[in-house]
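Student: Okay, handing you the structure first.
The values are calculated or read from the model by the stated rules, or taken from the named source; none is laboratory data. Note that the structure is predicted; figures quoted are calculated from it, not measured. All Cβ positions, even for glycine, are placed from backbone atoms using ideal geometry, and neighbour counts span all protein chains on display. To get the accessible areas, we keep the full protein, side chains included, count just its heavy atoms, and leave off ligands, DNA and RNA. Shrake-Rupley method; radii C 1.70, N 1.55, O 1.52, S 1.80 Å.
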Amino acid sequence: MPDPSKFAQALGTDSFIVTCELDPPKGFVPSLLDRKIAVLKNKVQAVVVSDNPRARMLMAPVGFCRYLLDQGLELIMTLTCRDRNRLALQSDLLAAAGLGIQNILAVTGDYITWGDHPEGKPVYDLDSIQLIWAISQLNSNRDISGNVIEGTAPSFTIGSAVALTGNPVGPQVLKFRKKEKAGVHFFMSHPVFDLADVEEFFKQVVEIQTPLLASVCLLTEEQIRGYVLGNYPGLLIQDSLSDKFKSVHSTEFQPRMIEHTARLIETIKKDGRFRGVHLMLQGAEEQIGELI
Amino acid sequence: MIIASRKPFAEIKKSIELYENILVVGCGTCVAVCLAGGKKEVGLLASQLRMSFALDKKKIQISEETLERQCDHEFLETIREPLKEFDCLLSLACGAGVQFLAETYPGKKVFPGVNTSFIGVAEAAGLWTERCRACGDCLLAITGGICPRTLCVKGLNNGPCGGMIDGKCEVDPERPCAWVSIYERLAEEGRVNQIEIMFPPTDFRFQTKPGRVTHRAYLRRYNAGSK
Amino acid sequence: MIPQEEFRKLNRVLIWGKGQTAEETATRLTLLGYEVLKINPDEQFQLLSIEGFAGDFQVTLQQTIPSLEKEGGMEMLERIWTEKFGAVVFAPELVSEGNFSDYQVAPTEKIITLEEMQKVLIPGLDEFHQGNHSFSALPTPASAGGRRIFAALKPASYVAFLVGLTTEGNVLDMAVTLSAALEIRKRFQSQISIFCRQVKVAGEGLERLYQACRDEGVLFFKFDQEGPALLRRGDEVVLQFEDTILKRPFILTPDLLVFDSRHLLSSEVRQTALSAGIGMDKSGFLQSANVHFLPQASEREGIFIAGPGKGPMLSQLSIEEARATALSVHHFFQGLTSETMNQEVSVDKGLCTLCLTCLRFCPHQAVGFTHRVFIHPLACRRCGICASECPMDAIQIEGYSDNEVEEKLMALQERGDKPEFSQPRIVVFGCQRSAGVAWEGAESSKLKAQSNLEFIPLPCAGKLDPDHVLKALSVGADGILVLACPEENCRSVHGNTYARERIMEIRKYMEEAGVNPGRIRFEHLSSNMEWYLKEIIKQFSETLEELSNPQSAIRNPKWKNGPH
């Protein structure tokens, strides 16, 4: 069985972890992203590679990860339930293991109508909890039908999402607990904009043993100006934040947003409940230095 | 009940325009109840087609007939004699009825006049919503009478997903999140523990197409040997 | 559930009400030989629901009584039971609440309501309500409040009445005000002014009472819009207004300020009305503002509305109401309600698919179901809305059946393009109650003689069937005219509205088929508007003549019904 990944080892220490999201290219030329890769390489503990994010068809993460591994990055590969049935999910996981990818972020996946192929068939053969369980099964050298895996068992470090600011809180807490039972090793929250928003969740889940990273999203001008509750899946922006930034002039926008986000990251760091922060820079990955 | 709604007129007209002697066949059960294909709808469509073809100066004969149902042989047989003069049948029954009509009268060209949508309920006069996917493996006992396979857009067995906002679905903000509804219903009844364990992946063999159900009392009649 | 063909008529009447109207109605109906149960809708009793149909209602009642005081407080005992009645009469009284919020003041020693004034001045309110609109000898009031009011009534003091200034005034409040004003003037010689919008004197003796007040020196100030402004000067409330003739501001400081109250239905009665499907008007009183329900009918056959629940009324009128109601109920039991009740209405049980659409749209709650739907012959008012909605054409009304309409349309088709039948060919679907009457009127005889018009009567415009309209067009009608009763004037509550909505649906069908949607026109019309009928037909004919005439292409092919 392979050794635990570098990321898994980092989770085991006390250090404050920083990860960053990177979308594969919409094409098969990964070198298009070389500049971003170069910037991220030394700044973060791991890069999270997305999987057809917002249902937009991009290069499959398994393939893109191959390239990133060659660049020497520590990776977390996202796998969504939307596009692949249980056979393909397990196949891809074995392929990932074969390439040396050990960290998997198992998520449900935004619905297909958000993306550029809205007429396509959404799969959801497994949901995120079943996927987490499936990965755990592979770790025990079995597929989910009970068949034995040939050769060594993979050693996946399993991550999943949690909605800390979801309303109502009850069902999200229930799901969180189920994920823990299914074998999650680390959690990444949906984007947090204000720590006050997570208090309801923490009231019900007083202590979290599993390492939890807070996702922080660098909002674009378009997102602030065009925001209506529900038009960006997974984004819940409070009025106080959008009001504050609606009046900012375009030229000033990004520096001000970076400043604001950097302060948020500081707050999260000091909070004590989070083992790290996951950055979603939405194309501005090269500016990561100004945030951390 | 099966819910259907009439196809766009232009689409219906195009599908039958090559024929000269058309019988519009309605159905007096599900599609009549959902006001899509009963006797009245047959009359309306027939009048529209007559006028439309007449304005195109095409000589097409449109006749009307409504059967009790089109999913039983006996009702379909009642029109065998009269059907001799028609070469084209426009059926307003659900997809099952249209096909059965076609099977029963293989020499006729059969066309559908409605789109069959779902198994649903009447929330108010003229408003029907889906409730059941006919998955063949009903799990309503566990989810407190609310079906996540039908009412959750993603059809999750362990929900809600992270896209849920204020109790509403990520995809349709008018629609309540099915899993929030399930949670709240079970919480009220003190039965949340039913969804605290992971629901295993769906066994899709129950949904293998085409489905076939034989009542166990009749198994011997239809199977040579044992099942 | 009622067994299919057994429609019973129980000779039992429930009077749900209190006061003069309720009592008088009960007395009269008993004399006429009916078994009457009168229940007082006070805190004890509540009427939860009225199920069933005219002649056979199942009324669910609730009674709440406080039991003996137990340790720890009162316990309320509740019983709920159902009783059967042939007819129900709603005859509630109104409750009054001080209008202080409308006038934006708070009650004080000097600011009181008309009710309080009444209580002080009349030892027995009953006497007043029995038609004796005057105050008898005044004993010293028992209550402290009453004594204070008395103390305020002196020759030097000034009493101001504000009545009918914030809400639509009523005769009852005016009658009380005039009587009180006159009495105070005579007994105490106080100065009195009455501020109002209109002096409502539509009642016996009230014109005389008004004159007597004027003769005694009571001053009347009439306002078009709002009344005097009420201002606070320290402890006092002061009236300020501008005299329109002198164009000067007046400021008056009354020693006693008397307001009228707001009269309304209690919330329990409102709740009962809502749950029983009984409409209320915009002012919140019983009976929807539909002229066809006057004087005592409601949406549901067999349920009658009488008395002040319809709006404040003088006791004289409430007695007359009671007498008229008793007679209406009696006629109902005798089967003498209206001639339409004799028309047969039938449901073809073979065609009926129990879709329940008819039940959902019936404005009179006359449809029920067992294994198939049935239309209760006593509750049904033969509007035909159900027949037009039925997806299987299973409902037929005598005189308006589908066969009868189709015969007429076939006849139209037979005419084809023969020159002796002029054009444009218009089929008129008209509500019998309005258009039908106009069509038969003297002025319309020329219209009837026109060979290009075909009049198809409907019991109510709500029976307009899109199927018939399209058939009419498909056999070559050039235009369709749909005539309905004026808004808020439909005998079936919303029949005319449904007809208008159906026109919009029909236009879509027409457009799909390539027919100009301008060939169908909808108009409101009342029965005495024969001139308007002629005008519409003339205009519509002109419009149709301007349209190109592809309808002749439609007239030529022969169509026939199904293979049978």
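Student: Which condition from (1) open to solvent by less than 70 Å² (accessible area, probe 1.4 Å); (2) touching a Lys or Arg at 6+ places or on another chain (Cβ under 8 Å); (3) over 21 Å from residue A:189 (Cβ atoms) is the one that residue A:11 breaks?
Tutor: Every condition holds for residue A:11 apart from (3).
Student: From the list B:76, B:83, which residue is farther than 20 Å from residue C:470 by Cβ and more than 10 Å from every other protein chain (Cβ to nearest Cβ)? If you could, list the steps in order and put the result at the bottom.
Tutor: Details: B:83 fails: more than 10 Å from every other protein chain (Cβ to nearest Cβ).
Answer to the check: B:76.
Student: Scan region B:195-224 and report the pairs whose first residue is more than 30 Å from residue A:126 (Cβ to Cβ) and whose second residue is of a type in the set (Val, Ile, Thr) and in a loop (DSSP other than H, G, I, E, B), with Cβ atoms within less than 8 Å and a gap of 6+ or a chain change.
Tutor: Listed pairs, sorted by first residue: B:222/B:214; B:223/B:214.
Student: Could you please let me know if residue A:120 is more than 18 Å from the chain's Cα centre (by Cα) and either at pLDDT below 95 or within 25 Å of residue B:150 (Cα to Cα) (or both)? Lay out the reasoning, then the answer.
Tutor: Working: more than 18 Å from the chain's Cα centre (by Cα): yes; either at pLDDT below 95 or within 25 Å of residue B:150 (Cα to Cα) (or both): yes.
The answer is yes for residue A:120.
Student: Evaluate region A:10-31: report whether one residue or more is under 30 Å from residue A:150 (Cα atoms), in contact with a helix residue (DSSP H, G or I) (Cβ under 8 Å, 6 or more places away or on another chain), touching a residue at least 12 places away in the same chain (Cβ under 8 Å) and part of a strand (DSSP E or B).
Tutor: no
Student: Then there is this: Residue by residue through region C:504-523, note down the ones that are surrounded by fewer than 21 Cβ atoms within 10 Å (Cβ to Cβ), at the interface with another protein chain (Cβ under 9 Å from one of its Cβ atoms) and either in a loop (DSSP other than H, G, I, E, B) or small (Gly, Ala, Ser) (or both).
Tutor: C:514
Student: Here's a follow-up. Having 2 or more residues that are surrounded by fewer than 20 Cβ atoms within 10 Å (Cβ to Cβ) and of a type outside the set (Gly, Ala, Ser) is the bar; report the helices (runs of 4 or more DSSP H) wholly within region C:306-392 that clear it.
Tutor: Details: elements: C:315-334, C:357-361, C:385-389.
Answer list for region C:306-392: C:315-334, C:357-361.
Student: May I ask you to say which residue of C:434, C:492 is crowded, with 24+ Cβ neighbours inside 10 Å and assigned to a loop (DSSP other than H, G, I, E, B)?
Tutor: Values: C:434 fails: assigned to a loop (DSSP other than H, G, I, E, B).
From the options C:434, C:492, the qualifying one is C:492.
Student: Suppose we keep only residues that are at the interface with chain A (Cβ under 7 Å from one of its Cβ atoms) and not in a loop (DSSP other than H, G, I, E, B) within region B:153-181. Which one would you say is farthest from the chain's Cα centre (by Cα)?
Tutor: Across region B:153-181, the extreme among qualifying residues is B:165.
Student: Among the residues that make up region B:80-92, is at least one of them within 21 Å of residue B:33 (Cα to Cα) and not polar (S, T, N, Q)?
Tutor: To start, the set of residues in region B:80-92 that are within 21 Å of residue B:33 (Cα to Cα) comprises B:90-92.
Going one step further and asking which of them are not polar (S, T, N, Q), we end up with B:90, B:92.
The answer is yes; a qualifying residue exists.
Student: Going through region C:431-456 one residue at a time, which ones are in contact (Cβ under 8 Å) with a residue 60 or more places away in the chain and of a type in the set (Asp, Glu)?
Tutor: Listed by number, the list holds a single entry, C:443.
Student: Tally the residues that are in contact with a Lys or Arg (Cβ under 9 Å, 6 or more places away or on another chain) and either at pLDDT below 95 or not aliphatic (A, V, I, L, M) (or both), restricting the search to region B:101-115.
Tutor: Narrowing region B:101-115 to residues in contact with a Lys or Arg (Cβ under 9 Å, 6 or more places away or on another chain): B:101-102, B:104-105, B:112-115.
Checking the rest, the ones that are also either at pLDDT below 95 or not aliphatic (A, V, I, L, M) (or both) come to B:104-105, B:112-113, B:115.
Summing the residues that are in contact with a Lys or Arg (Cβ under 9 Å, 6 or more places away or on another chain) and either at pLDDT below 95 or not aliphatic (A, V, I, L, M) (or both) in region B:101-115 gives 5.
Student: In addition: I need the full set of residues from region C:33-72 which are exposed (fewer than 15 other Cβ atoms within 10 Å of the Cβ) and part of a loop (DSSP other than H, G, I, E, B), in order please.
Tutor: C:33, C:42, C:43, C:44, C:67, C:68, C:69, C:71, C:72
Student: Would you mention how many residues in region C:189-203 are open to solvent by 80 Å² or more (accessible area, probe 1.4 Å) and either in contact with a helix residue (DSSP H, G or I) (Cβ under 6 Å, 6 or more places away or on another chain) or of a type in the set (Val, Ile, Thr) (or both)? Explain how you work it out, then say what you get.
Tutor: Going through region C:189-203, the residues open to solvent by 80 Å² or more (accessible area, probe 1.4 Å) turn out to be C:189, C:191, C:197-198, C:202.
Keeping just the survivors that are either in contact with a helix residue (DSSP H, G or I) (Cβ under 6 Å, 6 or more places away or on another chain) or of a type in the set (Val, Ile, Thr) (or both) gives C:202.
Final tally of qualifying residues: 1.
Student: Tell me the residue from A:144, A:132 that is outside any loop (DSSP other than H, G, I, E, B), touching a Lys or Arg at 6+ places or on another chain (Cβ under 7 Å) and either under 17 Å from residue A:77 (Cα atoms) or within 12 Å of chain B (Cβ to nearest Cβ) (or both), please.
Tutor: On the way: A:144 fails: outside any loop (DSSP other than H, G, I, E, B).
When all the criteria are applied, what remains is A:132.
Student: Any idea which of B:130, B:188, B:184 is without any contact (Cβ under 8 Å) to a residue 24 or more places away in the chain and more than 9 Å from chain A (Cβ to nearest Cβ)?
Tutor: Numbers: B:130 fails: without any contact (Cβ under 8 Å) to a residue 24 or more places away in the chain; B:184 fails: more than 9 Å from chain A (Cβ to nearest Cβ).
Step by step, each of B:130, B:188, B:184 is checked, and only B:188 is without any contact (Cβ under 8 Å) to a residue 24 or more places away in the chain and more than 9 Å from chain A (Cβ to nearest Cβ).
Student: Next question. Looking only at region C:449-465, which residues are over 19 Å from residue C:492 (Cα atoms) and assigned to a helix (DSSP H, G or I)?
Tutor: Correct list: C:449 only.
Student: From the residues in region C:269-288 that are out of contact with any Phe, Trp or Tyr (no Cβ under 9 Å at 6 or more places or on another chain) and more than 12 Å from residue C:49 (Cβ to Cβ), which one is most open to solvent (accessible area, probe 1.4 Å)?
Tutor: First, the residues of region C:269-288 that are out of contact with any Phe, Trp or Tyr (no Cβ under 9 Å at 6 or more places or on another chain): C:270-271, C:274-275, C:277, C:280-285, C:288.
Filter again for more than 12 Å from residue C:49 (Cβ to Cβ), leaving C:270, C:280-285, C:288.
Details: C:270: 96, C:280: 44, C:281: 42, C:282: 181, C:283: 88, C:284: 14, C:285: 29, C:288: 29 Å².
The selected residue is C:282.
Student: Have a look at A:180, A:222 and point out the one that is open to solvent by 40 Å² or more (accessible area, probe 1.4 Å), more than 30 Å from residue A:133 (Cα to Cα) and in a helix (DSSP H, G or I). Give the derivation first.
Tutor: Working: A:180 fails: more than 30 Å from residue A:133 (Cα to Cα).
Exactly one residue qualifies, and that residue is A:222.
Student: Considering region A:110-129 alone, what residues qualify as being closer than 18 Å to residue A:50 by Cα, more than 7 Å from every other protein chain (Cβ to nearest Cβ) and among the charged types (D, E, K, R)?
Tutor: If the condition is that a residue be closer than 18 Å to residue A:50 by Cα, more than 7 Å from every other protein chain (Cβ to nearest Cβ) and among the charged types (D, E, K, R), then A:116 is the only one that fits.
Student: Can you name every residue in region A:160-176 that is in a helix (DSSP H, G or I), at the interface with chain B (Cβ under 7 Å from one of its Cβ atoms) and surrounded by fewer than 24 Cβ atoms within 10 Å (Cβ to Cβ)?
Tutor: Within region A:160-176, A:170, A:174 qualify.
Student: Which residues, counting only those in region B:41-53, are farther than 11 Å from residue B:24 by Cα and either open to solvent by 10 Å² or more (accessible area, probe 1.4 Å) or more than 7 Å from every other protein chain (Cβ to nearest Cβ) (or both)? Give the derivation first.
Tutor: Pass one, region B:41-53, residues farther than 11 Å from residue B:24 by Cα: B:48, B:50-53.
Scanning region B:41-53 gives B:50, B:53.
Student: Go over the candidates C:446, C:418 one by one and state the one that is of a type in the set (Lys, Arg) and in a helix (DSSP H, G or I).
Tutor: Details: C:418 fails: in a helix (DSSP H, G or I).
Result of the check over C:446, C:418: C:446.
Student: State which residue is farthest from residue B:50 (Cα to Cα) when the search covers only region C:404-430 and only residues that are surrounded by fewer than 13 Cβ atoms within 10 Å (Cβ to Cβ) and free of Cβ contacts under 8 Å to residues at least 60 places away in the same chain.
Tutor: So the residue we want is C:420.
Student: Something else: Looking only at region B:137-152, filter to residues that are out of contact with any Ser or Thr (no Cβ under 8 Å at 6 or more places or on another chain), part of a loop (DSSP other than H, G, I, E, B) and not aliphatic (A, V, I, L, M); which one of those is surrounded by the fewest Cβ atoms within 10 Å (Cβ to Cβ)?
Tutor: Step one: of region B:137-152, the residues out of contact with any Ser or Thr (no Cβ under 8 Å at 6 or more places or on another chain) are B:138-145, B:147-148, B:150, B:152.
Still in the list and also part of a loop (DSSP other than H, G, I, E, B): B:138-145, B:147, B:152.
Narrowing further to those that are not aliphatic (A, V, I, L, M): B:138, B:143-145, B:147, B:152.
On the way: B:138: 14, B:143: 26, B:144: 19, B:145: 12, B:147: 19, B:152: 26.
Selected residue: B:145.
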